[in-house]
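Undergrad: I have a structure here, written as structure tokens, and I will follow up with some questions on it.
The values are calculated or read from the model by the stated rules, or taken from the named source; none is laboratory data. Since the structure is predicted, the reported quantities are computational estimates derived from the model, not experimental observations. Here the Cβ positions follow ideal geometry from the backbone for every residue, glycine too, while neighbour counts run over all protein chains shown.
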Amino acid sequence: MKKIKFLIFGLLLLSIFSSCSKTEERKFATTINLKRIKPEIENAYYGLYPSIEFIQDSIMLISDIHNAKKVFSVLSVNDFHYITSTGKRGKGPNEINIPGYIFYNKKAKLFYILDLGKYKFHKFNMKSVLKNNDYLPESSFSFYEKYMPLRNVKMFSDSLIIFNGNTGKEILYVMNQSGKIVNKIGEKFYEKSENISDIAYAQATATVFDVNPDNTKFVIAYNLFDRLVCLDVEGNKLFEYKGSNSFEKNFKFFKGPILHYDGLKVGYEKIIATNNYIFALYNGEIGFYRKDNVVYNNYSKTIRVFDWEGNRVTQIKLDKEVYDFIIDKERNRIIACESKSEKPFVIYEFPKELIKK
């Protein structure tokens, strides 16, 4: 009986992907090729795959959830020199047991991390972090386990939190700081069948998203589809992009109640929304696979650029695979993390064609 259910699930997803692959081919008219600059970085260990969380004035916050001592490092955004670390790992009060998802309140200059061991958000004050090497954050508000799994968390309107990745049919969930869901925005582009487990459905419809600077629009892109959609705060669809890249082979690997990512083709990996453009880190290749007991990874070399009308402005081709990036607006740079490097930070000059005067 289980085999029949899994077969039905596989056929359902195959039909979904087949229909996506029949959409009209939509190419980007122009391509901008960028070459990286490798900055001189002092000897410091930032983890196996550190992520760039945000830039605040002249500093940037780096996270490494695998670090056994402290989760965060603060670096100079100018020359990448190390300033301090924070986010002590542990099970004690205001220590981080299992580091999870991070978001930033730009206006208040606070950042938060969800402790998956306690299902509590810890609140960090950047001024205190810079003054005190032994600083411990405040325990802030709770996040209920029933909302899991989630994939991204963002601050919305300085008082609300918005997240995605839930097992429900909606794309985004808005939560207040009492832990109550106050709104649900948008719906995933296909409905959950009774033959699909909740976790498998959440995995198959996983997204990355961002909010535009004036908190009026959301841009969402699917991790296992070549599909991107823009919504307003009421959930109305402003535009949708459906790529021509075929992803229907993904779900032949489905073997149980969860998806096995080995051999799956990856769509979008990160979204950054600015006042004028949407920057979408796109892969289009198999994310990782095994051969002769060795794991091989493919990361992204393409940043697709859209405007807020849904027009395909250009695509940026990077000369190195990266797994994370951020736009340093003040210095007209793209800072990225390249794969397979002990000093992963690289710089790309921001395309002059995209600088609005």
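Undergrad: Only strands (runs of 3 or more DSSP E) wholly contained in region 270-357 count here; list those with 1 or more residues that are among the hydroxyl-bearing types (Ser, Thr, Tyr) and over 20 Å from LEU224 (Cβ atoms).
TA: Values: elements: 277-282, 288-291, 294-297, 300-307, 312-328, 333-338, 345-349.
Once the strands (runs of 3 or more DSSP E) in region 270-357 are filtered for at least 1 residues that are among the hydroxyl-bearing types (Ser, Thr, Tyr) and over 20 Å from LEU224 (Cβ atoms), what remains is 277-282, 312-328, 345-349.
Undergrad: Also: Out of everything in region 196-216 that is without any contact (Cβ under 8 Å) to a residue 40 or more places away in the chain and either touching a helix residue (DSSP H, G or I) at 6+ places or on another chain (Cβ under 6 Å) or not in a loop (DSSP other than H, G, I, E, B) (or both), what residue ends up being nearest to GLU145 (Cα to Cα)?
TA: ASP198
Undergrad: What is the one condition in (1) surrounded by fewer than 17 Cβ atoms within 10 Å (Cβ to Cβ); (2) touching an Asp or Glu at 6+ places or on another chain (Cβ under 8 Å); (3) among the aromatic types (Phe, Trp, Tyr) that PHE218 does not satisfy?
TA: (1)
Conditions (1) over 30 Å from SER76 (Cβ atoms); (2) surrounded by fewer than 16 Cβ atoms within 10 Å (Cβ to Cβ); (3) modelled with pLDDT of 95 or more; (4) within 15 Å of the chain's Cα centre (by Cα), marked per residue:
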{"position": "GLU269", "(1), (2), (3), (4)": "no, no, yes, yes"}
{"position": "ILE272", "(1), (2), (3), (4)": "no, no, yes, yes"}
{"position": "PHE279", "(1), (2), (3), (4)": "no, no, yes, yes"}
{"position": "GLY284", "(1), (2), (3), (4)": "yes, no, no, no"}
{"position": "PHE288", "(1), (2), (3), (4)": "yes, yes, no, no"}
{"position": "ASP292", "(1), (2), (3), (4)": "yes, yes, no, no"}
{"position": "VAL295", "(1), (2), (3), (4)": "yes, yes, no, no"}
{"position": "ILE327", "(1), (2), (3), (4)": "no, no, yes, yes"}
{"position": "ARG333", "(1), (2), (3), (4)": "no, no, yes, no"}
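Undergrad: Of (1) under 22 Å from the mean Cα position of the chain (by Cα); (2) surrounded by fewer than 16 Cβ atoms within 10 Å (Cβ to Cβ), ILE171 satisfies all except one. Which?
TA: So ILE171 meets the others, but not (2).
Undergrad: May I pose another question? Can you find, within region 227-255, the residue that is modelled with the lowest pLDDT among those that are in a helix (DSSP H, G or I) and touching a helix residue (DSSP H, G or I) at 6+ places or on another chain (Cβ under 6 Å)?
TA: To start, the set of residues in region 227-255 that are in a helix (DSSP H, G or I) comprises 248-253.
With the extra rule that they be touching a helix residue (DSSP H, G or I) at 6+ places or on another chain (Cβ under 6 Å), the set shrinks to 248, 251.
Values: GLU248: 63, PHE251: 59.
Ranking the candidates gives PHE251 first.
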